[in-house]
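Student: Take a look at this one; I'll ask things after.
The values are calculated or read from the model by the stated rules, or taken from the named source; none is laboratory data. Here the structure is a predicted model, which means the values were calculated and not measured. Glycine also receives a Cβ, built like all others from the backbone with ideal geometry; neighbour counts cover every protein chain displayed.
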Amino acid sequence: MKYLVKTFGCQMNEHDSEILAGMMEQIGYEQVERPEDADAIIINTCCVRESAENRIIGYIGNLKKLKEQNPGLIITVSGCMLQQPGAAEKLIKRAPFVDLVLGTHNIHRLPQLISERQGGNESLIEVAETEGDIQEELPVKRQGNIKAQVTIMYGCNNFCSYCIVPFVRGRERSRKPEAIEKEIKCLGAEGFKEVLLLGQNVNSYGLDFTEAFDFADLLERVDRNPDIERIRYMTSHPRDFTQKLVDTISKSQKVCEHFHLPIQAGSNRILKQMNRGYSREMYFELVESIREKVPKASITTDIIVGFPGETDDDFADTLDVIKRVRFDAAYTFLYSRRSGTPAAKMSEQVPAEEKKRRLQILMDLENSISREINEKLVGTREEVLVEGTSKTKDIMFSGRTRTNKIVIFPGNESMIGKLVNVNIMSAKTWHLEGQIIK
Ligand code: SF4
(Lines give C-alpha, C1' and ligand atoms only; values in the text may rest on other atoms or scores of the structure.)
Protein backbone atom coordinates (compact mmCIF):
# COMPACT_ATOMS: atom_id res chain seq x y z
CA MET A 1 0.00 0.00 0.00
CA LYS A 2 1.23 3.47 -0.89
CA TYR A 3 0.63 6.91 0.67
CA LEU A 4 1.30 10.56 -0.05
CA VAL A 5 1.22 13.51 2.35
CA LYS A 6 0.62 16.93 0.81
CA THR A 7 1.54 19.79 3.15
CA PHE A 8 0.35 23.38 3.11
CA GLY A 9 1.62 26.05 5.50
CA CYS A 10 4.29 26.61 8.10
CA GLN A 11 7.15 24.66 9.64
CA MET A 12 4.90 23.35 12.44
CA ASN A 13 2.71 21.84 9.74
CA GLU A 14 5.71 20.39 7.93
CA HIS A 15 6.70 18.63 11.12
CA ASP A 16 3.14 17.40 11.73
CA SER A 17 3.35 15.91 8.24
CA GLU A 18 6.54 14.08 9.23
CA ILE A 19 4.52 12.52 12.06
CA LEU A 20 1.60 11.67 9.74
CA ALA A 21 4.11 10.00 7.39
CA GLY A 22 5.74 8.17 10.31
CA MET A 23 2.37 6.74 11.39
CA MET A 24 1.57 5.64 7.83
CA GLU A 25 4.90 3.80 7.56
CA GLN A 26 4.30 2.18 10.93
CA ILE A 27 1.11 0.60 9.59
CA GLY A 28 2.93 -0.67 6.50
CA TYR A 29 2.41 2.04 3.87
CA GLU A 30 5.21 3.21 1.54
CA GLN A 31 5.68 6.83 0.45
CA VAL A 32 5.07 7.87 -3.19
CA GLU A 33 5.38 11.19 -4.99
CA ARG A 34 2.32 11.19 -7.28
CA PRO A 35 -1.32 11.19 -6.07
CA GLU A 36 -2.28 8.72 -8.81
CA ASP A 37 0.09 6.11 -7.32
CA ALA A 38 -1.32 6.40 -3.80
CA ASP A 39 -3.83 4.26 -1.89
CA ALA A 40 -4.06 6.91 0.80
CA ILE A 41 -3.66 10.69 0.42
CA ILE A 42 -3.38 12.98 3.44
CA ILE A 43 -3.75 16.72 2.94
CA ASN A 44 -2.34 18.64 5.89
CA THR A 45 -3.95 22.07 5.71
CA CYS A 46 -3.20 25.67 6.70
CA CYS A 47 -5.61 28.54 7.29
CA VAL A 48 -3.28 31.45 8.00
CA ARG A 49 -4.29 33.13 4.74
CA GLU A 50 -7.57 32.80 2.89
CA SER A 51 -5.65 32.39 -0.37
CA ALA A 52 -4.02 29.23 1.07
CA GLU A 53 -7.47 27.85 1.90
CA ASN A 54 -8.64 28.43 -1.67
CA ARG A 55 -5.61 26.56 -3.02
CA ILE A 56 -6.32 23.66 -0.66
CA ILE A 57 -9.98 23.46 -1.73
CA GLY A 58 -8.78 23.41 -5.35
CA TYR A 59 -6.30 20.60 -4.59
CA ILE A 60 -8.97 18.51 -2.85
CA GLY A 61 -11.41 19.11 -5.72
CA ASN A 62 -8.86 17.71 -8.17
CA LEU A 63 -8.78 14.41 -6.25
CA LYS A 64 -12.44 13.67 -7.03
CA LYS A 65 -11.52 12.04 -10.36
CA LEU A 66 -8.92 9.82 -8.69
CA LYS A 67 -11.49 8.68 -6.13
CA GLU A 68 -13.93 7.81 -8.95
CA GLN A 69 -11.23 5.75 -10.69
CA ASN A 70 -10.15 4.10 -7.43
CA PRO A 71 -13.00 3.94 -4.87
CA GLY A 72 -10.62 2.23 -2.39
CA LEU A 73 -8.46 5.38 -2.20
CA ILE A 74 -8.64 6.91 1.29
CA ILE A 75 -8.54 10.72 1.32
CA THR A 76 -7.80 12.37 4.66
CA VAL A 77 -7.87 16.10 5.28
CA SER A 78 -6.17 17.23 8.50
CA GLY A 79 -4.83 20.31 10.24
CA CYS A 80 -5.60 23.94 10.97
CA MET A 81 -8.26 24.60 8.32
CA LEU A 82 -10.61 22.05 9.87
CA GLN A 83 -10.24 23.47 13.33
CA GLN A 84 -12.40 26.51 12.49
CA PRO A 85 -16.04 26.24 13.63
CA GLY A 86 -18.17 24.31 11.12
CA ALA A 87 -15.27 23.88 8.64
CA ALA A 88 -15.21 20.04 8.77
CA GLU A 89 -18.93 19.70 8.05
CA LYS A 90 -18.68 22.30 5.30
CA LEU A 91 -15.82 20.38 3.69
CA ILE A 92 -17.68 17.04 3.72
CA LYS A 93 -20.72 18.72 2.19
CA ARG A 94 -18.59 20.26 -0.54
CA ALA A 95 -16.35 17.21 -1.10
CA PRO A 96 -18.34 14.14 0.03
CA PHE A 97 -15.64 11.87 -1.43
CA VAL A 98 -13.31 12.83 1.49
CA ASP A 99 -13.05 9.84 3.87
CA LEU A 100 -11.46 11.25 7.03
CA VAL A 101 -11.27 14.69 8.62
CA LEU A 102 -8.83 15.27 11.49
CA GLY A 103 -8.33 18.40 13.61
CA THR A 104 -4.93 19.60 14.85
CA HIS A 105 -5.42 17.85 18.22
CA ASN A 106 -6.39 14.51 16.63
CA ILE A 107 -3.61 13.61 14.20
CA HIS A 108 -2.35 10.75 16.41
CA ARG A 109 -5.66 8.96 15.68
CA LEU A 110 -4.89 8.57 11.95
CA PRO A 111 -3.96 4.83 11.95
CA GLN A 112 -7.05 3.88 13.97
CA LEU A 113 -9.38 5.90 11.75
CA ILE A 114 -7.89 4.51 8.55
CA SER A 115 -8.59 1.02 9.83
CA GLU A 116 -12.18 1.99 10.80
CA ARG A 117 -12.74 3.53 7.38
CA GLN A 118 -11.40 0.41 5.67
CA GLY A 119 -13.93 -1.51 7.76
CA GLY A 120 -16.65 0.29 5.81
CA ASN A 121 -17.64 3.18 8.05
CA GLU A 122 -18.97 6.38 6.49
CA SER A 123 -16.79 9.51 6.31
CA LEU A 124 -15.34 10.06 9.77
CA ILE A 125 -14.80 13.45 11.38
CA GLU A 126 -12.64 13.90 14.49
CA VAL A 127 -12.01 17.50 15.40
CA ALA A 128 -11.49 18.04 19.14
CA GLU A 129 -12.32 21.57 20.21
CA THR A 130 -9.87 21.57 23.07
CA GLU A 131 -6.29 20.41 23.21
CA GLY A 132 -5.76 17.07 24.98
CA ASP A 133 -2.56 15.68 26.53
CA ILE A 134 0.63 15.97 24.49
CA GLN A 135 1.17 12.73 22.57
CA GLU A 136 4.75 11.51 23.01
CA GLU A 137 6.55 8.71 21.18
CA LEU A 138 4.70 9.12 17.89
CA PRO A 139 6.75 7.79 14.95
CA VAL A 140 8.38 10.42 12.72
CA LYS A 141 9.58 10.04 9.16
CA ARG A 142 12.06 12.90 8.81
CA GLN A 143 12.82 14.70 5.58
CA GLY A 144 16.56 14.34 5.16
CA ASN A 145 19.20 13.19 7.63
CA ILE A 146 21.18 16.33 8.46
CA LYS A 147 18.69 18.73 10.07
CA ALA A 148 15.72 17.70 12.22
CA GLN A 149 12.74 19.63 13.52
CA VAL A 150 11.75 19.03 17.14
CA THR A 151 8.51 20.46 18.50
CA ILE A 152 9.05 21.81 22.00
CA MET A 153 5.60 23.30 22.56
CA TYR A 154 2.17 23.53 21.01
CA GLY A 155 -0.35 26.36 20.74
CA CYS A 156 -0.15 30.08 21.36
CA ASN A 157 -1.57 32.42 24.00
CA ASN A 158 -0.85 35.70 22.26
CA PHE A 159 -3.83 36.52 20.08
CA CYS A 160 -2.09 38.95 17.75
CA SER A 161 -5.07 40.65 16.15
CA TYR A 162 -4.33 39.46 12.58
CA CYS A 163 -3.60 35.83 13.43
CA ILE A 164 -5.86 32.78 13.46
CA VAL A 165 -3.30 30.41 15.02
CA PRO A 166 -4.44 30.60 18.68
CA PHE A 167 -7.97 29.72 17.54
CA VAL A 168 -6.88 26.59 15.68
CA ARG A 169 -3.83 25.40 17.63
CA GLY A 170 -5.14 26.00 21.16
CA ARG A 171 -3.38 27.30 24.27
CA GLU A 172 0.35 26.89 24.97
CA ARG A 173 1.46 23.45 26.16
CA SER A 174 5.15 22.71 26.64
CA ARG A 175 6.70 19.29 26.22
CA LYS A 176 8.66 18.06 29.22
CA PRO A 177 12.40 18.79 28.88
CA GLU A 178 13.21 15.10 29.43
CA ALA A 179 11.08 14.09 26.42
CA ILE A 180 12.77 16.73 24.24
CA GLU A 181 16.25 15.71 25.41
CA LYS A 182 15.47 12.07 24.73
CA GLU A 183 14.31 12.83 21.19
CA ILE A 184 17.42 14.95 20.50
CA LYS A 185 19.69 12.26 21.94
CA CYS A 186 18.22 9.76 19.44
CA LEU A 187 18.66 12.27 16.61
CA GLY A 188 22.31 12.76 17.55
CA ALA A 189 22.85 8.99 17.64
CA GLU A 190 21.24 8.71 14.19
CA GLY A 191 23.75 11.22 12.82
CA PHE A 192 21.67 14.42 12.62
CA LYS A 193 23.89 17.50 12.94
CA GLU A 194 21.35 20.25 13.54
CA VAL A 195 18.08 20.57 15.43
CA LEU A 196 15.43 23.24 14.97
CA LEU A 197 13.37 23.64 18.14
CA LEU A 198 9.84 24.52 17.08
CA GLY A 199 6.93 26.36 18.67
CA GLN A 200 4.60 29.23 17.80
CA ASN A 201 6.38 31.27 20.48
CA VAL A 202 9.38 29.34 21.82
CA ASN A 203 10.24 32.16 24.21
CA SER A 204 7.26 31.31 26.40
CA TYR A 205 8.36 27.66 26.67
CA GLY A 206 7.86 26.35 30.20
CA LEU A 207 5.55 29.11 31.43
CA ASP A 208 2.87 26.41 31.87
CA PHE A 209 5.10 24.30 34.19
CA THR A 210 4.63 24.45 37.95
CA GLU A 211 8.42 24.37 38.49
CA ALA A 212 10.61 27.18 37.13
CA PHE A 213 12.15 25.99 33.86
CA ASP A 214 12.20 28.24 30.81
CA PHE A 215 13.45 28.28 27.24
CA ALA A 216 16.93 29.46 28.28
CA ASP A 217 17.17 26.47 30.66
CA LEU A 218 16.12 24.16 27.84
CA LEU A 219 18.76 25.59 25.47
CA GLU A 220 21.42 25.17 28.13
CA ARG A 221 20.53 21.49 28.46
CA VAL A 222 20.33 20.80 24.72
CA ASP A 223 23.68 22.59 24.28
CA ARG A 224 25.32 19.79 26.30
CA ASN A 225 24.39 17.10 23.76
CA PRO A 226 27.77 15.92 22.39
CA ASP A 227 26.48 14.72 18.99
CA ILE A 228 24.49 17.75 17.83
CA GLU A 229 26.59 20.51 16.23
CA ARG A 230 24.02 23.26 15.83
CA ILE A 231 20.83 24.37 17.57
CA ARG A 232 18.28 26.72 16.04
CA TYR A 233 14.80 27.71 17.23
CA MET A 234 11.68 29.24 15.75
CA THR A 235 9.59 31.35 16.26
CA SER A 236 10.60 34.01 18.77
CA HIS A 237 8.34 36.72 20.10
CA PRO A 238 10.34 39.93 20.80
CA ARG A 239 8.23 40.68 23.89
CA ASP A 240 9.27 37.39 25.55
CA PHE A 241 12.95 37.40 24.55
CA THR A 242 14.53 37.81 27.99
CA GLN A 243 17.98 39.06 28.95
CA LYS A 244 18.58 35.63 30.49
CA LEU A 245 17.98 34.11 27.05
CA VAL A 246 20.40 36.51 25.34
CA ASP A 247 23.04 35.70 28.00
CA THR A 248 22.48 31.95 27.64
CA ILE A 249 22.84 32.08 23.86
CA SER A 250 25.97 34.22 24.13
CA LYS A 251 27.61 31.58 26.36
CA SER A 252 26.42 28.50 24.49
CA GLN A 253 28.60 26.51 22.11
CA LYS A 254 25.99 25.25 19.70
CA VAL A 255 23.08 27.69 19.65
CA CYS A 256 23.56 29.53 16.36
CA GLU A 257 24.13 33.28 16.21
CA HIS A 258 20.96 33.88 14.24
CA PHE A 259 18.08 35.79 15.79
CA HIS A 260 14.80 35.78 13.92
CA LEU A 261 12.72 38.47 15.64
CA PRO A 262 9.44 39.24 13.84
CA ILE A 263 8.80 42.96 14.40
CA GLN A 264 5.72 43.03 12.07
CA ALA A 265 5.46 46.87 12.06
CA GLY A 266 7.61 49.84 13.01
CA SER A 267 4.88 52.15 14.28
CA ASN A 268 3.89 51.97 17.95
CA ARG A 269 0.29 52.76 17.01
CA ILE A 270 0.11 49.80 14.62
CA LEU A 271 1.98 47.49 17.03
CA LYS A 272 -0.71 48.29 19.58
CA GLN A 273 -3.48 47.57 17.07
CA MET A 274 -1.73 44.29 16.30
CA ASN A 275 -1.68 43.44 20.03
CA ARG A 276 2.02 42.63 19.85
CA GLY A 277 2.82 43.70 23.40
CA TYR A 278 6.05 45.66 22.69
CA SER A 279 7.01 49.06 21.34
CA ARG A 280 9.66 49.96 18.77
CA GLU A 281 11.80 51.29 21.64
CA MET A 282 11.65 47.91 23.43
CA TYR A 283 12.61 46.22 20.17
CA PHE A 284 15.63 48.54 19.71
CA GLU A 285 16.76 47.75 23.27
CA LEU A 286 16.57 44.02 22.58
CA VAL A 287 18.58 44.40 19.37
CA GLU A 288 21.18 46.49 21.19
CA SER A 289 21.55 43.88 23.89
CA ILE A 290 21.92 41.08 21.32
CA ARG A 291 24.55 43.03 19.38
CA GLU A 292 26.48 43.75 22.56
CA LYS A 293 26.47 40.13 23.80
CA VAL A 294 26.64 38.32 20.45
CA PRO A 295 28.66 40.61 18.14
CA LYS A 296 28.53 38.20 15.16
CA ALA A 297 24.73 37.90 15.35
CA SER A 298 22.61 38.06 12.23
CA ILE A 299 19.15 39.47 12.81
CA THR A 300 16.19 38.77 10.53
CA THR A 301 12.54 39.71 10.81
CA ASP A 302 8.98 39.39 9.49
CA ILE A 303 7.04 42.50 8.45
CA ILE A 304 3.38 42.88 7.53
CA VAL A 305 2.68 45.74 5.13
CA GLY A 306 -0.72 47.44 4.94
CA PHE A 307 -2.25 46.45 8.28
CA PRO A 308 -5.68 48.16 8.63
CA GLY A 309 -5.28 51.86 9.35
CA GLU A 310 -1.57 51.96 8.39
CA THR A 311 -0.90 55.54 7.28
CA ASP A 312 2.04 56.93 5.32
CA ASP A 313 3.56 58.01 8.65
CA ASP A 314 3.15 54.52 10.14
CA PHE A 315 4.79 53.03 7.08
CA ALA A 316 7.62 55.58 7.33
CA ASP A 317 8.19 54.30 10.89
CA THR A 318 8.59 50.77 9.52
CA LEU A 319 11.15 51.98 6.98
CA ASP A 320 12.93 53.82 9.78
CA VAL A 321 13.19 50.59 11.83
CA ILE A 322 14.69 48.81 8.84
CA LYS A 323 17.30 51.54 8.43
CA ARG A 324 18.15 51.62 12.12
CA VAL A 325 18.29 47.88 12.82
CA ARG A 326 19.78 46.92 9.43
CA PHE A 327 18.30 43.43 9.24
CA ASP A 328 20.24 40.72 7.46
CA ALA A 329 16.94 39.77 5.80
CA ALA A 330 13.25 40.53 6.15
CA TYR A 331 10.36 38.24 5.17
CA THR A 332 7.67 40.63 4.01
CA PHE A 333 3.96 39.99 3.66
CA LEU A 334 1.01 41.98 2.40
CA TYR A 335 -1.63 42.13 5.12
CA SER A 336 -4.36 39.69 4.15
CA ARG A 337 -7.75 39.74 5.82
CA ARG A 338 -8.30 36.55 7.80
CA SER A 339 -11.91 36.13 8.85
CA GLY A 340 -12.33 35.11 12.47
CA THR A 341 -9.61 37.53 13.63
CA PRO A 342 -10.19 40.99 15.19
CA ALA A 343 -8.18 42.75 12.45
CA ALA A 344 -10.55 41.49 9.74
CA LYS A 345 -13.33 43.59 11.30
CA MET A 346 -11.24 46.76 11.52
CA SER A 347 -12.34 49.60 9.27
CA GLU A 348 -9.78 51.47 7.14
CA GLN A 349 -8.48 48.46 5.24
CA VAL A 350 -5.58 49.67 3.05
CA PRO A 351 -6.32 49.39 -0.71
CA ALA A 352 -4.50 46.52 -2.44
CA GLU A 353 -2.61 48.82 -4.84
CA GLU A 354 -1.28 50.93 -1.99
CA LYS A 355 -0.19 47.82 -0.07
CA LYS A 356 1.74 46.62 -3.12
CA ARG A 357 3.36 50.02 -3.60
CA ARG A 358 4.55 50.09 0.00
CA LEU A 359 5.78 46.50 -0.17
CA GLN A 360 7.96 47.31 -3.18
CA ILE A 361 9.54 50.30 -1.42
CA LEU A 362 10.23 48.17 1.63
CA MET A 363 11.71 45.29 -0.34
CA ASP A 364 13.98 47.60 -2.34
CA LEU A 365 15.31 49.12 0.88
CA GLU A 366 15.80 45.78 2.62
CA ASN A 367 17.45 44.17 -0.42
CA SER A 368 20.05 46.93 -0.61
CA ILE A 369 20.82 46.54 3.12
CA SER A 370 21.02 42.72 2.85
CA ARG A 371 23.48 43.07 -0.01
CA GLU A 372 25.63 45.59 1.87
CA ILE A 373 25.78 43.34 4.93
CA ASN A 374 26.70 40.31 2.81
CA GLU A 375 29.40 42.29 0.95
CA LYS A 376 31.13 42.97 4.26
CA LEU A 377 31.58 39.21 4.63
CA VAL A 378 33.74 38.92 1.50
CA GLY A 379 37.22 37.86 2.60
CA THR A 380 36.05 36.27 5.85
CA ARG A 381 36.08 32.57 6.73
CA GLU A 382 32.74 30.96 7.62
CA GLU A 383 31.85 27.58 9.08
CA VAL A 384 29.27 25.96 6.79
CA LEU A 385 27.11 22.88 7.32
CA VAL A 386 26.90 21.29 3.87
CA GLU A 387 23.31 20.43 2.99
CA GLY A 388 23.49 19.22 -0.64
CA THR A 389 23.85 20.39 -4.19
CA SER A 390 22.89 23.95 -4.98
CA LYS A 391 19.40 24.50 -6.38
CA THR A 392 20.60 27.20 -8.76
CA LYS A 393 23.94 25.80 -9.95
CA ASP A 394 23.87 22.02 -10.05
CA ILE A 395 27.63 21.47 -10.09
CA MET A 396 27.94 23.47 -6.88
CA PHE A 397 27.19 22.57 -3.27
CA SER A 398 25.28 24.58 -0.76
CA GLY A 399 25.12 24.96 2.99
CA ARG A 400 24.47 27.49 5.72
CA THR A 401 26.62 29.53 8.07
CA ARG A 402 25.78 29.60 11.76
CA THR A 403 24.17 32.97 11.01
CA ASN A 404 21.82 31.17 8.56
CA LYS A 405 23.28 32.57 5.36
CA ILE A 406 23.30 30.32 2.31
CA VAL A 407 26.79 29.70 0.91
CA ILE A 408 27.45 28.15 -2.51
CA PHE A 409 30.84 26.60 -3.31
CA PRO A 410 32.50 23.87 -5.40
CA GLY A 411 32.63 20.61 -3.45
CA ASN A 412 31.87 16.92 -3.62
CA GLU A 413 29.23 14.47 -2.38
CA SER A 414 31.38 13.29 0.54
CA MET A 415 31.05 16.73 2.16
CA ILE A 416 27.26 16.52 2.56
CA GLY A 417 26.33 16.57 6.25
CA LYS A 418 29.79 17.82 7.31
CA LEU A 419 30.99 21.13 8.72
CA VAL A 420 33.53 22.78 6.42
CA ASN A 421 35.33 26.13 6.42
CA VAL A 422 34.69 28.36 3.43
CA ASN A 423 36.50 31.51 2.28
CA ILE A 424 33.81 33.95 1.16
CA MET A 425 34.74 35.28 -2.29
CA SER A 426 31.61 37.16 -3.38
CA ALA A 427 28.24 38.30 -2.09
CA LYS A 428 24.74 38.48 -3.54
CA THR A 429 21.53 39.74 -1.93
CA TRP A 430 20.35 36.28 -0.86
CA HIS A 431 23.51 34.21 -0.69
CA LEU A 432 27.30 34.12 -0.53
CA GLU A 433 29.77 32.30 -2.78
CA GLY A 434 33.13 30.89 -1.76
CA GLN A 435 35.87 28.26 -1.85
CA ILE A 436 36.43 25.51 0.71
CA ILE A 437 39.58 25.86 2.79
CA LYS A 438 41.37 22.53 2.52
S1 SF4 B 1 2.58 34.97 18.46
FE2 SF4 B 1 0.96 36.10 17.36
S3 SF4 B 1 1.49 35.77 15.19
FE4 SF4 B 1 2.58 34.19 16.35
S5 SF4 B 1 1.20 32.42 16.35
FE6 SF4 B 1 0.79 33.56 18.25
S7 SF4 B 1 -0.91 34.92 17.71
FE8 SF4 B 1 -0.04 34.19 15.77
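Student: Hey, does segment 114-125 have a residue that's touching a Gly at 6+ places or on another chain (Cβ under 6 Å), assigned to a loop (DSSP other than H, G, I, E, B) and touching a residue at least 12 places away in the same chain (Cβ under 8 Å)? Explain how you work it out, then say what you get.
Tutor: Step one: of segment 114-125, the residues touching a Gly at 6+ places or on another chain (Cβ under 6 Å) are none.
So far as segment 114-125 goes, no, none of its residues is touching a Gly at 6+ places or on another chain (Cβ under 6 Å), assigned to a loop (DSSP other than H, G, I, E, B) and touching a residue at least 12 places away in the same chain (Cβ under 8 Å).
Student: Also: Among the residues of segment 171-184, is any within 14 Å of the ligand (Cβ to nearest atom) and within 20 Å of Ile263 (Cα to Cα)?
Tutor: Step one: of segment 171-184, the residues within 14 Å of the ligand (Cβ to nearest atom) are 171-173.
Pick out the ones that are also within 20 Å of Ile263 (Cα to Cα) and you get none.
Checked against the condition, which is being within 14 Å of the ligand (Cβ to nearest atom) and within 20 Å of Ile263 (Cα to Cα), segment 171-184 yields no hits at all.
Student: Within segment 11-32, restricting attention to residues that are assigned to a loop (DSSP other than H, G, I, E, B) and free of Cβ contacts under 8 Å to residues at least 40 places away in the same chain, which residue is farthest from His105 (Cα to Cα)?
Tutor: The qualifying residue farthest from His105 (Cα to Cα) is Val32.
Student: Give the residue, chosen from Ser370, Ser426, that is surrounded by 13 or more Cβ atoms within 10 Å (Cβ to Cβ), in the same structural domain as Pro295 (by TED's automatic domain parsing) and touching a strand residue (DSSP E or B) at 6+ places or on another chain (Cβ under 7 Å). Talk me through it step by step, then tell me what you get.
Tutor: Values: Ser426 fails: in the same structural domain as Pro295 (by TED's automatic domain parsing).
Answer to the selection: Ser370.
Student: Out of curiosity, is Ile134 of a type outside the set (S, T, N, Q) and in a strand (DSSP E or B)?
Tutor: The answer is no for Ile134.
Student: Taking the options Pro96, Pro85, Pro71, name whichever one is under 22 Å from Ala344 (Cα atoms) and part of a loop (DSSP other than H, G, I, E, B).
Tutor: Working: Pro96 fails: under 22 Å from Ala344 (Cα atoms); Pro71 fails: under 22 Å from Ala344 (Cα atoms).
That would be Pro85, the only listed residue that is under 22 Å from Ala344 (Cα atoms) and part of a loop (DSSP other than H, G, I, E, B).
Student: Continuing with the same structure: Outside the structural domain of Ile270 (by TED's automatic domain parsing), within 16 Å of the ligand (Cβ to nearest atom) and within 21 Å of the chain's Cα centre (by Cα): which single residue out of Glu136, Glu131 fits that description? Let's see the steps before the verdict.
Tutor: Details: Glu136 fails: within 16 Å of the ligand (Cβ to nearest atom).
Residue meeting the stated conditions: Glu131.
Student: Now, a different point. Among the candidates Ala189, Ala212, Ala265, which residue alone is in the same structural domain as Ser289 (by TED's automatic domain parsing), among the small types (Gly, Ala, Ser), in contact (Cβ under 8 Å) with a residue 12 or more places away in the chain and away from the ligand (no atom under 16 Å from the Cβ)? Talk me through it step by step, then tell me what you get.
Tutor: Values: Ala212 fails: in contact (Cβ under 8 Å) with a residue 12 or more places away in the chain; Ala265 fails: away from the ligand (no atom under 16 Å from the Cβ).
Only one candidate qualifies: Ala189.
Student: Same structure, new question: In segment 33-45, how many residues are buried (at least 21 other Cβ atoms within 10 Å of the Cβ) and either part of a helix (DSSP H, G or I) or without any contact (Cβ under 8 Å) to a residue 40 or more places away in the chain (or both)?
Tutor: 5
Student: For segment 381-415, give me each residue that is loosely packed, with under 13 Cβ neighbours inside 10 Å and under 26 Å from Tyr233 (Cβ atoms).
Tutor: Result: Arg381, Lys391.
Student: Can I ask one more? Select from segment 279-293 the residues that are in contact (Cβ under 8 Å) with a residue 24 or more places away in the chain and either crowded, with 20+ Cβ neighbours inside 10 Å or of a type in the set (Lys, Arg) (or both) and list them in ascending order.
Tutor: First, pick out the residues of segment 279-293 that are in contact (Cβ under 8 Å) with a residue 24 or more places away in the chain: 280, 282-284, 286-287, 289-290, 293.
Arg280, Tyr283, Leu286, Val287, Ile290, Lys293, listed by residue number.
Student: Would you confirm whether or not segment 386-401 contains a residue that is touching a strand residue (DSSP E or B) at 6+ places or on another chain (Cβ under 6 Å), acidic (Asp, Glu) and under 21 Å from Asn145 (Cβ atoms)?
Tutor: Yes, some residue in segment 386-401 is touching a strand residue (DSSP E or B) at 6+ places or on another chain (Cβ under 6 Å), acidic (Asp, Glu) and under 21 Å from Asn145 (Cβ atoms).
Student: Let me ask something additional. Tell me which residues, restricted to segment 366-406, are under 20 Å from Ile437 (Cβ atoms), assigned to a loop (DSSP other than H, G, I, E, B) and either modelled with pLDDT of 95 or more or among the β-branched types (Val, Ile, Thr) (or both).
Tutor: Lys376, Leu377, Val378, Gly379, Thr380, Ile395, Arg402, Thr403, Lys405, listed by residue number.
Student: Follow-up question, since we're still on this one. Under the condition of being within 9 Å of the ligand (Cβ to nearest atom) and of a type in the set (Val, Ile, Thr), which residue from segment 152-170 is nearest to Gly306 (Cα to Cα)?
Tutor: Looking at residues that are within 9 Å of the ligand (Cβ to nearest atom) and of a type in the set (Val, Ile, Thr), I get Ile164.
Student: Among the residues of segment 145-176, which ones are assigned to a loop (DSSP other than H, G, I, E, B), touching a Cys at 6+ places or on another chain (Cβ under 7 Å) and closer than 22 Å to Ser336 by Cα? Please lay out each step first, then the result.
Tutor: Here is the first cut: in segment 145-176, the residues assigned to a loop (DSSP other than H, G, I, E, B) are 145-146, 152, 155-164, 170-172, 175-176.
Checking the rest, the ones that are also touching a Cys at 6+ places or on another chain (Cβ under 7 Å) come to 164, 172.
Answer for segment 145-176, where residues must be assigned to a loop (DSSP other than H, G, I, E, B), touching a Cys at 6+ places or on another chain (Cβ under 7 Å) and closer than 22 Å to Ser336 by Cα: just Ile164.
Student: Kindly establish whether Val321 is touching a residue at least 40 places away in the same chain (Cβ under 8 Å), under 22 Å from Asn374 (Cβ atoms), away from the ligand (no atom under 16 Å from the Cβ) and part of a helix (DSSP H, G or I).
Tutor: Details: touching a residue at least 40 places away in the same chain (Cβ under 8 Å): yes; under 22 Å from Asn374 (Cβ atoms): yes; away from the ligand (no atom under 16 Å from the Cβ): yes; part of a helix (DSSP H, G or I): yes.
Answer is yes for this residue.
Student: Restricting to segment 229-258, what's the tally of residues that are within 16 Å of the ligand (Cβ to nearest atom), part of a loop (DSSP other than H, G, I, E, B) and crowded, with 19+ Cβ neighbours inside 10 Å?
Tutor: 3
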